[in-house]
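Got a structure here, written out as structure tokens. Questions coming.
The values are calculated or read from the model by the stated rules, or taken from the named source; none is laboratory data. The model shown is predicted, which means the values in this text are computed figures rather than measured ones. Note: ideal-geometry Cβ built from the backbone for every residue, glycine included; neighbour counts use all protein chains shown.
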Amino acid sequence: MNQKQFYHICAKGADARNFILSTGDYYAAFNLIGVCAANSRAIVVSFSIEDSHPHILLWGTYEDCLAFMLLFENLYRHHAAATRIGDTELYLHCELYPIGDDEDYLRNVAVYTVIQPTKDGKRVMYYDYLWGTGSMYFRDRFHMPIWLLDDAGVIHKPERFGGQDAAAKRTLLHSPAGQLH
């Protein structure tokens, strides 16, 4: 199983419950994908975060992609336990699907992971969806990244992670240590 290939991580939307309940949950899931990529040997090709579940296309060995998936589930559950009040049961059980050698299937999954929000009826085009990689694939390098604009249309200057203080790093990484594991 050391051969690298593409894998699709997702959860059955009908079975998933209370994955995203707030904007903070979107930020947590988005940032945790980066944390999991930095702490595994799996390569994130594309993703989108839906309110019911994530869709992630990875490249790597089965073991590396499985480790990514389990780390994501574990870290997100910790986030939910630490930030939610009351009886809001989170059900997040992801599945890891190998893509195999079928190039048409790979293309379908790649497109699916990017256009999912638009397909599901969100009133945004996939290349303007904040919680996925669509803009990275379908906007040219001269287009202002959508994550630099706030709700009021104010443009914010990007900040380097290394320039953040410990409290800001903890917030971004959803980690008490404020560093990668």
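Quick check on segment 90-105. Is at least one of its residues surrounded by 14 or more Cβ atoms within 10 Å (Cβ to Cβ), part of a helix (DSSP H, G or I) and either in contact (Cβ under 8 Å) with a residue 60 or more places away in the chain or not aromatic (Phe, Trp, Tyr) (or both)?
No, every residue in segment 90-105 fails to be surrounded by 14 or more Cβ atoms within 10 Å (Cβ to Cβ), part of a helix (DSSP H, G or I) and either in contact (Cβ under 8 Å) with a residue 60 or more places away in the chain or not aromatic (Phe, Trp, Tyr) (or both).
When segment 15-61 is examined, which residues are found to be surrounded by fewer than 19 Cβ atoms within 10 Å (Cβ to Cβ) and at positive phi?
Scanning segment 15-61 gives a single hit, Asn18.
Condition check: among the small types (Gly, Ala, Ser), touching a residue at least 60 places away in the same chain (Cβ under 8 Å) and in contact with a Leu (Cβ under 8 Å, 6 or more places away or on another chain). Does Ala16 satisfy that? Before you say what the answer is, go through the steps one by one.
Numbers: among the small types (Gly, Ala, Ser): yes; touching a residue at least 60 places away in the same chain (Cβ under 8 Å): yes; in contact with a Leu (Cβ under 8 Å, 6 or more places away or on another chain): yes.
Answer is yes for this residue.
Residues are listed down the side, and each one gets a yes or a no for (1) modelled with pLDDT of 90 or more; (2) closer than 21 Å to Val35 by Cα:
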| site | (1), (2) |
| --- | --- |
| Met69 | yes, yes |
| Asn74 | yes, yes |
| Glu95 | yes, yes |
| Glu103 | yes, no |
| Ile115 | no, no |
| Gly121 | no, no |
| Tyr127 | no, no |
| Thr133 | no, yes |
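Shifting gears a bit: What's the total number of residues in segment 136-180 that are part of a loop (DSSP other than H, G, I, E, B), at pLDDT 75 or above and surrounded by 12 or more Cβ atoms within 10 Å (Cβ to Cβ)?
Total satisfying the criteria: 1.
Let me confirm something: among Leu58, Leu21, which residue is of a type outside the set (S, T, N, Q) and over 25 Å from Thr171 (Cβ atoms)?
Numbers: Leu21 fails: over 25 Å from Thr171 (Cβ atoms).
The unique qualifying residue is Leu58.
Condition check: touching a Phe, Trp or Tyr at 6+ places or on another chain (Cβ under 9 Å) and either over 11 Å from Ile9 (Cβ atoms) or among the hydrophobic types (A, V, I, L, M, F, W, C) (or both). Does Leu92 satisfy that?
When the stated conditions are applied, Leu92 passes them.
Under the condition of being within 13 Å of the chain's Cα centre (by Cα) and assigned to a loop (DSSP other than H, G, I, E, B), which residue from segment 1-59 is nearest to Leu90 (Cα to Cα)?
Only one residue tops the list, namely Phe19.
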